[in-house]
Structures are given as structure tokens and as C-alpha cells.
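The values are calculated or read from the model by the stated rules, or taken from the named source; none is laboratory data. For clarity, every value in this text was computed on a predicted model and none was experimentally measured. Cβ sites come from the backbone with ideal geometry, for glycine too, and all protein chains shown count toward neighbours. Quick note on the areas: whole protein, heavy atoms, side chains included, nothing else; ligands and nucleic acids left out. Shrake-Rupley method; radii C 1.70, N 1.55, O 1.52, S 1.80 Å.
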Amino acid sequence: MANWVIRSRTIAHHLNKKMGLFGILNLSSWNSTSNSFHSSSSTMPLGDKHGRPHAIFGDSATHFAVRRFKSTEAERVSDTKFINQDGGDQALDFPGGKVEFTSEMNFISESADKRVPCYRVLDDNGELIVSNNFVQVRKEVAIKMYSDMVTLQMMDNIFYEAQRQGRISFYLTTLGEEAINIGSAAALSADDLVLPQYREPGPLMWRGFTLQEFANQCLGNKEDKGKARQMPIHYVSKKHNYFAVSSPIATQLPQAVGAAYSLKMEGKNACVATYIGDGGTSEGDFHAGMNFAAVLEAPIIFICRNNGWAISTPIEEQFRSDGIVVRGRAYGIRSIRVDGSDALAVLSAIRTAREMAISEQRPILVEALAYRVGHHSTSDDSTKYRSVNEIEYWKTARNPVNRFRKWIERNGWWSDKDETEHRSSVKKQLLQAIQIAEKTEKPSIEGLFSDVYDHLPSNLQEQEEQVRETIRRHPKDYPSDVPV
Amino acid sequence: MATIVGAATALSASKSFDSRKLHLPSRRSLSVSERKGSFLVVRSDGSVVHKAHRAQKLIANAVATKADSSAASTASKPGHELLLFEALREGLEEEMDRDPTVCVMGEDVGHYGGSYKVTKGLATKYGDLRVLDTPIAENSFTGMGIGAAMTGLRPIVEGMNMGFLLLAFNQISNNCGMLHYTSGGQFKIPIVIRGPGGVGRQLGAEHSQRLESYFQSIPGIQMVACSTPYNAKGLMKAAIRSENPVILFEHVLLYNLKERIPDEEYVCSLEEAEMVRPGEHVTILTYSRMRYHVMQAAKTLVNKGYDPEVIDIRSLKPFDLHTIGNSVKKTHRVLIVEECMRTGGIGASLTAAITENFNDYLDAPIICLSSQDVPTPYAGTLEEWTVVQPAQIVTAVEQLCQ
């Protein structure tokens, strides 16, 4: 592209008229194809931080075989936003579009004057903050949200204890992040695909994964749908559209973009929701996943649980940006920061994000601020690197479950009696689930070799035979209660 | 340099003798009546039905292609001639026509048509969403392919050079190979990862890597290497249709090989080796570009009175020990010729597998010719010395057959 610099007014005026004409020509040709779902992106005013949702529905007549990107047209049109139409003479043409130039040398500050505010609906006492546009929640949904948050909290406490007693080998809790887990789950539909990191059993619980199934996975018995191949808390359930938890951090982010790509090809009325922690955003896969999602215009929601800690690394040592939300703009992704301890705020933001993601076919970044009340996992003792007072404060004064309880009680939807009944019922179910899971048989040897490929190849058949032969020869070395 | 040209002329000279008719049904035999016009059928188990002057005919057709058990390629249609990269594209296009869930992603595969033109024209035909240009992030677009595969698509991920896929090792090892297993069989990953690798013409160390060495240990994946337009198309189609993740290794120097392939549809088997030249004295196992060096050496060997059996192993993971074993049982001598490094290469694994399974049948220790454990140098002469040359192959065979 020519790098002509416009100096003289007369030339500028002449050239600008040409550019203007070019711009107008572009605008009209683009307008004629305004069926495309990109129409909304250029009607968004610059600097709209609030991301008000546009209820524009995309081109539904999508041919599965041939789908072209119309975004290159949108790029040319967006030039007209940046150039003074009154014949301003300060613009340069570069790959990527037109950019104004200035003779004042100004470095963009490394941080804004104020941090990005976070959106909240309920105050610390569970009272609705006035003048709010939030998603209204029906009584049944609110009750399910609260009871699932309590169930999640209790499951975490009891299974954690079970690990301490040596009944489970490993566990990690979501304490302090119940609102993010359940609030986001309630905001999504059953068709939305969830790609978790590992601290998000909420959507699975919301969608109907039973306590027994959770216990089976943690105990690694033969009833586990994952066939006991993964360590505890690495849940998977295709039936519930919940992809397998995979230990390496952030590998799910590009995969989530791929899943969103698949939904985009099908033109499905669903999106992908993928989760990541504050620490995970340092991984290379975060950068590329975000970048891809933006370029691909994928219907995906990136939900970042910024809980302040990555094992022992506090966020001051993880990054120097204002959290994760500011990175969205760097990739051209619309973002919002929410109070992660406020279940209603999380629900509202993600429900809205979902609508935008699907109707406008774009990625959305939601940063939910919270605090990791529990240790990183059962292999960690966080009192070694943070104060007990700090933990206690967040566990009590900023507890998301208590806050939501106050709100539903104020609405008359929940009572102390409901609380006691629910808690004692859940406790009983949990203890029973562990007991049953413990007594259930472990998977047999065949499970060691199946599913590596679709069919068992000859080399694996050989190796399986070798294992069986070894067990036959040395039965004393093989546990008697595990089927062969 | 001479080797590839030689091989190419050998291929194009096959017009007089239709090399497709030299077929080797590896597990099922075709009835004699189906083999119209063929003059030679050799079974990999050593049983032979042949006419006279076998040796002379074989030299002229050093690189014979074998028809796999699917279609009988003795049809009277003449077939069509094309280059290897065109064969890959043909296979890809046929599969994309056949199944709308097949899609392609990689750098410059869409509008540009691919660095080696394998995807040329496909974006125009299928749209630039289905043939997707990605930003430069191998780990991420491989991860994307895995996510798309788990969600029901059948993606083909192209690495511009196999060496760049080292950046994708995390996704390939930790997820691609594992997720079908760790999800208890709930999610499958029918992905194809392909790209050119191997030593080219002075491309430098980073662009000359043999990734099959590094990937071969990953559980849950399959690896195949193509070497002729015929098997390139067949393996591409088979890889796309497979429910398992498959890594298809192409070679930078083989893209312009020309061959006549059948018009009718065919698919090669992912787990089978290809009998290139049947023989009695020694089994030479090779794959990809080294096949041509071996066949060049074979010409010399035949002139010296040797009768080498050349097998293109094609399937790098798992090895086709059935075909290989039958050959070993016949010849009792094995020479492996590969481009991988000495340490930890495909040849190393193959040597171990053969020794373990067929030790009793060997009359001599297995000889494995590989590249040295050095990064591939840029200087032309140095580069030539890192790659096994036909003269070394001839010497090795002579040594084996003493």
C-alpha cells in the first residue's frame, strides 16, 4: 500500500475527497450485503465499554459447504470511523487500515488512571443495588442456583476430608468460586459446549451429573464414565457437553476455539464456554486461543476466574496488567469484569455474553474476580504463603454462598428450615456416594488397553496378553479384589 | 540429486509396462482370472507366479506400485498422470466432497493454496471457513483441530514444515493421543496432521528434521509416510477416514514425483507395508525418500547379481510386522535404510522389533543405515554426507550377503 503522507491542504482535500468516495463506495457495497452478521460490529460506537447487546441475528441461511468471511469488508469500512471527514490532513495509509498521525510523542501509559470497574448486582449484604440492568431470575432457577452452590460447597468439603482420610488420592476445591461455577452454568444452555480447566465442576453439577458419578470418578472405579483413566476431579461427560479435564494448563483454550469453529460451520444456536484461571493466562495457549477466536469470529466465551493465586504465585507476580479484562481489547475482543462472588452478576454477564457471542458470532472475555479460599489442592498448604487472616476474611465476610442466600431469603424463597433440610440431605447423599464408590469394583485389565485406538491393534493385543500372563504366573502380586 | 531424477524417469518410463498391474495382494489373493494382462504376481509370503525374464522387467520398473486389497486395478482404464502434491490434493478433494465434516486448517492453506500447493483451489471451491488460514501458532491450531475433532468435524491440520510441529508437541502428545483414552472413549479425535519433513535441498537444520523419530512413542496416534503419488492419495484418504489421530509424513523432495494413478477410487491401508521389489537375497526396509535411494542401489545390486527385496514400510506406527516378518523368513537378512538419526529413530525401533520377533530367522545381524546424530548442515556437500547414499546401501548389502 502506498505510504503517502498528506501535507498540503489542497492536495489533502482532493485526495480526501477520493478517499471519502472510496469510503462511500465501500459503505454502499457493504450495505447491500447487510444480511451478514457483521453489520453490528461497525454500528457499535467507539469506546463503548458497556457492550450493550445488540439483538441482531446472523445470517441463518448458512450453507455448510461454502462459508466465506465477510470481515475483510468490515475492516475497510471501519477506516471511515478513524478519519476526520471534514478534510483533516493527518492520516496515513498502512496495511491494516488508515491511521491518523500526530507530531506529539505520547507513549500510551502502561496502566489506565483507574482500574476497570467490576460489575455487580448484589451488595455484600445480598441486597439488589439500585439501577441495574441484570437478567431476572425465576424463583425455581434461583433456588436451584442456591442449592447447587450449597451442594458444591459441601461436596468440596466432604471430598477434601475424604482425601485427608486417605480414601481419595487427590482433590481440589472450588471454595470461594461457587458463584462463578453455578452462576455461569445457569447462564448457559444445555447445548453450549463447556471446556473446563479443572476448577469448574459447577456446570457439570448443574447439568445433572450426580454426586455418585462425581464420587465414582474420584474413586476410579468401574462405574466411572471416564473408565477410571484420569486422576480425581478430571471429570468428562459427553452427554452433558462437558469436555474432558486435561491437566496441562490452557490446552483447552485453542481446543475451545476449534469447537466454536465447528459450531460456526454448523450455524448452531449454541456457543462454547471455556474456563481459565489467572495463572493460566500466562500460557502461550491463552494468547493464541484469544487471537484465533477473534480472527475466526468464533462464538466463544472465555471465562477467566481471577482468584488471586496460582498455587503460591500471587497475581502481582503473574502479570503486571490490570487483571485479564484489559487484554481483551489487545485482541479485539469485547470484555467485561464482574464480581465473581456475586452469582447474579456472573449469571447476567454470561447470559448477555452468550447472546452476543451467538448472534454476532464473536468471542467475549469475562473476567470474574474472586478469591481462592481453599488451598490449590490437597497437595498444597496455602498457609505457607498467605496469612490465615486473609483466608478467613474471604471465607466469611465475602462468602458468595451466604450472599446469595441473603438475597433469596429476602425474596421469601428460602428459609432456615429449607437450609437445614437441604444440608443434611446432601451430606447424607455425599457420604453414601463415597461409601458406595469405595465398595464398587475397580476396572479390569482390559480397560488398560481399550480406547487407545478405535480398535485394539495387534501390538497392544500382544502386550495385553503379556500382562495377563504375568498375572497368571504371579497371582500373589496382583490385588485379589480387582477383576482381571 | 541424481537419485530423484532417476526415480522419476523410472516412473515415467513405466508407460510401456503398466506398473499398476504388478500388484501384490498382501493378505487376500486375487483369482488368476482377475489379473488380466498382468504378467507377475508375487505374494509377500514368497509364493510367486511369474513369467520369464522377471529380473530384467523389474529393473526397468524399479518403483512398481502395488494395488491394495480394495480395488482390482487391472481395469482397462488408463488412469491419469499427476504429481505427488496433486495426488494429495485429489485425495483431499475427494474426501471433502464425500464428507462435509472434513475441513483443512493451517498456515497459508486457504487463499494461498498451501506452501506446497497441496490445498490449491480448495478454498475457492469450499469456502475459506472450511479451508482455514490460521495465524502462526502451531500449538494452537493443532489444539483447535483437536477441539473441532471432538465436536464432530474431521480436520486436517497442515504443518508448513514438520519441524514446526514441535511447537504442537504438547497438543499432539498430551491431548491428541490421549483424550480418547482419558475420556473413557467418549470423545474421539479423527484428526489428520500432515506436512513435509525430511532433509531437503539445503534448507538448514531447523527445516530438515525427522519428526517421526520424536512422535513415534506417543500412545494413541498412528503414523504413516507416503512416497509415491499412488500411496500418497491412498494414505491421505485412509487417514481422513480413520477414527484415530493419524500423522501423515510427506517429504519435501517428493512433491514433484510424477506417476500414473487409477481413475477409479481407491484407499490404501494405514497399517500395511508396500512390496516394492520382491527378491530372495536380502530384505531392505525403507520409507519415504530413502525408497528412491534404495531403488537406485537396487539397480546396481541387480547388475552385480544380487536379488534384493525392497519393502516400503509406509506404516511407521504400528509396523507391519506381518509383511516384514514374511520377508525376513524368506531372505534371512535385513538392511534398514532410513533418514532418521541413528539414535532413537524409526530404524532403531524397527531393529528392536525385528530382533525381538524374528531373531531365529536371521542369518546375520541387522544393519541399519541412518543419518548421523548431527543437525543437518546447510552446505550442500555436508548435507549430502548426512543422508544415506546408494553407494552405502550397495556396500551394506554386499557386507550382509557375505
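Brief remarks on what is shown
- For the range A:325-428, size of Cβ-based charge dipole, Lys and Arg +1, Asp and Glu -1, in debye: 200
- Relative contact order of the range A:241-319: 35 percent, from C-alpha pairs under 8 Å at least 6 residues apart in sequence.
- Kirkwood Rh and Cα Rg combined as Rg over Rh, evaluated for the range B:300-389: 1.01
- Equivalent ellipsoid semi-axes - Cα gyration tensor, the range B:67-192, angstrom: 27, 19, 14
- Threshold 50 Å², the range A:201-250 residues less accessible with all protein chains present than alone (1.4 Å probe): A:Arg229, A:Lys238, A:Phe243
- Charge-dipole axis of the range A:327-366 as Lys and Arg at +1 and Asp and Glu at -1 on Cβ define it, positive-most pick from A:Val366, A:Leu347, A:Gly328: A:Gly328
- Between A:Lys427 and A:Asp124, the simple spin-label model (points 7 angstrom out along Cα→Cβ) gives 2.9 nm.
- FRET E, pair A:Leu92, A:Asp191, Förster distance 60 Å, beta-carbon r, rounded to 0.05: 0.85
- The accessible-area ordering, largest first, of the residues A:Cys304, B:Cys401 stands as B:Cys401, A:Cys304, per a 1.4 angstrom probe.
- Per residue value of the accessible surface for the range B:286-402 (all protein chains in place, 1.4 Å probe), Å²: 39
- Within the accessible area of the range B:105-233, the carbon and sulfur atoms contribute 56%, probe 1.4 Å, all protein chains present.
- Here the range A:412-433 and the range A:147-213 have alpha carbon centers that stand 16 Å from each other.
- By accessible area, using a 1.4 Å probe on protein heavy atoms only, the range B:343-402 has 55% of its surface on carbon and sulfur.
- Where a label projected 7 Å from the Cα of A:Val482 along Cα→Cβ would reach, residues of the range A:434-451 with amide N under 13 Å: A:441-449
- Each 10 Å bin, from zero up to the one with the longest distance, holds this percent of the alpha carbon pairs of the range B:120-278: 10, 37, 38, 13, 1.
- The contact residues of the range B:177-214, meaning those that lose at least 30 Å² of 1.4 Å-probe accessible area when all protein chains sit together rather than their chain alone, are B:Leu179, B:His180, B:Tyr181, B:Thr182, B:Gly184, B:Gln186, B:Phe187.
- In the range A:272-309, the residues whose accessible area drops by at least 40 square angstrom when the other protein chains are added to the isolated chain are A:Asp285, A:Phe292; the probe is 1.4 Å and only protein heavy atoms count.
- Computed over protein heavy atoms with a 1.4 Å probe, the accessible surface of the range A:369-460 works out to 55 Å² per residue.
- Rounded to the nearest 0.05, the FRET efficiency derived from the C-beta distance between A:Ser109 and A:Lys144 at R0 = 60 Å is 0.85.
- Shielding by partners - mean other protein chain Cβ count within 10 Å, residues of B:128-141: 6
- Heavy-atom accessible surface that A and B bury in contact, both chains counted, 1.4 Å, Å² to 100: 4000
- Sequence of A:Ser387, A:Ser480 when ordered by accessible area, the most exposed leading, probe 1.4 angstrom: A:Ser480, A:Ser387
- Gap separating the Cα centres of the range B:137-179 and the range A:345-373, nearest whole Å: 27
- Built amide H within the under 5 Å cut-off of B:Leu316, gap 5+: B:Met223, B:Val224, B:Ala225
- Förster radius 30 Å - calculated FRET efficiency between A:Glu462 and B:Glu280 (Cβ-Cβ, nearest 0.05): 0.55
- Selection from B:Ile240, B:Cys268, B:Val252 lying farthest towards where the dipole of the range B:233-274 points positive, charges on Cβ: B:Val252
- Amide H contacts for A:Ala91 (H built 1.01 Å from N in the peptide plane; partners 5 or more residues away or on another chain; cut-off under 5 Å): A:Ile6, A:Phe101.
- Gain on full extension, evaluated as 0.36 nm per residue between B:Thr300 and B:Glu356 minus their Cα-Cα distance, stands at 17.0 nm.
- Using θ = phi - 60° and Karplus 6.51 cos²θ - 1.76 cosθ + 1.60, couplings along the range B:299-313 (whole Hz; Gly, Pro as x): 4, 4, 5, 4, 4, 7, x, 8, 10, x, 9, 10, 10, 8, 5
- Taken per residue, the accessible surface of the range A:205-334 reaches 30 Å², heavy atoms only and a 1.4 Å probe.
- When A:Lys239, B:Lys233 are compared by accessible surface with a 1.4 Å probe, the order from highest to lowest is A:Lys239, B:Lys233.
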